[in-house]
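Accompanying notes for the structure given below.
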Amino acid sequence: MNPFSILLVGLAMSTDAFAAAIGKGAAMQRPQLREALRAGLIFGAIEAITPLLGWLLGSAASRHITAWDHWIAFGVLGLLGLHMIWNGLKPETADAESGAPPRHGFWNLAATGLGTSIDAMAVGVSLAFLDAPILVVAAAIGLCTLVMVTLGIMLGRVLGTLAGKRAEILGGAIMIVVGAAILYEHLTGAA
């Protein structure tokens, strides 16, 4: 993977966390930079760890399926991209029927971060088949997520949920393009 592809993966993996952060920021009462950085660190750490876990799982299986690894990476990234686009297009459901203010404690943020990082774990599995520099990719995903979540929290009250949905759609499209680029590089020997 070239540095531009790594950056694109990092940005794409952070878009769903960005969308969640916009929602969190919109629900907070005047979020301060300290709160936004805290959320960014929690999300970023989780998003950096999950591709490492996925890579370990994929490494255990990679020697058995190396003939199809590029197709698997293409399929996983394509499906993740389509899933992200689907989530970006479906309408919001009313979450706050109880009227209670939303909680933004450590465990709540960590659970949200884990929920948005499942796709990063799947990317880690795909990267194991490609012998990609997983530590660099995981660091890029974590740093992009830290920045995007911090920005999302701070911009949440201004942007609302509309920008978050568009960000998730864009992230899904990027994942599909990255998967197609991996397949193209393998099939044409352009790697």
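The values are calculated or read from the model by the stated rules, or taken from the named source; none is laboratory data. Everything numeric here is computed off the predicted structure, so don't read it as measured data. Here the Cβ is made from the backbone with ideal geometry for all residues, glycine too, and neighbour counts use every protein chain on show.
Among all positions in the range 84-103, there is no residue which is within 18 Å of Val147 (Cα to Cα), more than 12 Å from the chain's Cα centre (by Cα) and either small (Gly, Ala, Ser) or modelled with pLDDT of 80 or more (or both). Considering each residue of the range 23-33 in turn, at least one proves to be at pLDDT 85 or above, of a type in the set (A, V, I, L, M) and either part of a helix (DSSP H, G or I) or more than 20 Å from Leu170 (Cβ to Cβ) (or both). The test for being at pLDDT 70 or above, closer than 30 Å to Leu33 by Cβ and of a type outside the set (Gly, Ala, Ser) holds for Ile118.
Checking each residue in the range 1-19 for being surrounded by fewer than 24 Cβ atoms within 10 Å (Cβ to Cβ) and either part of a helix (DSSP H, G or I) or touching a His at 6+ places or on another chain (Cβ under 6 Å) (or both) picks out Pro3, Phe4, Ser5, Ile6, Leu7, Leu8, Leu11.
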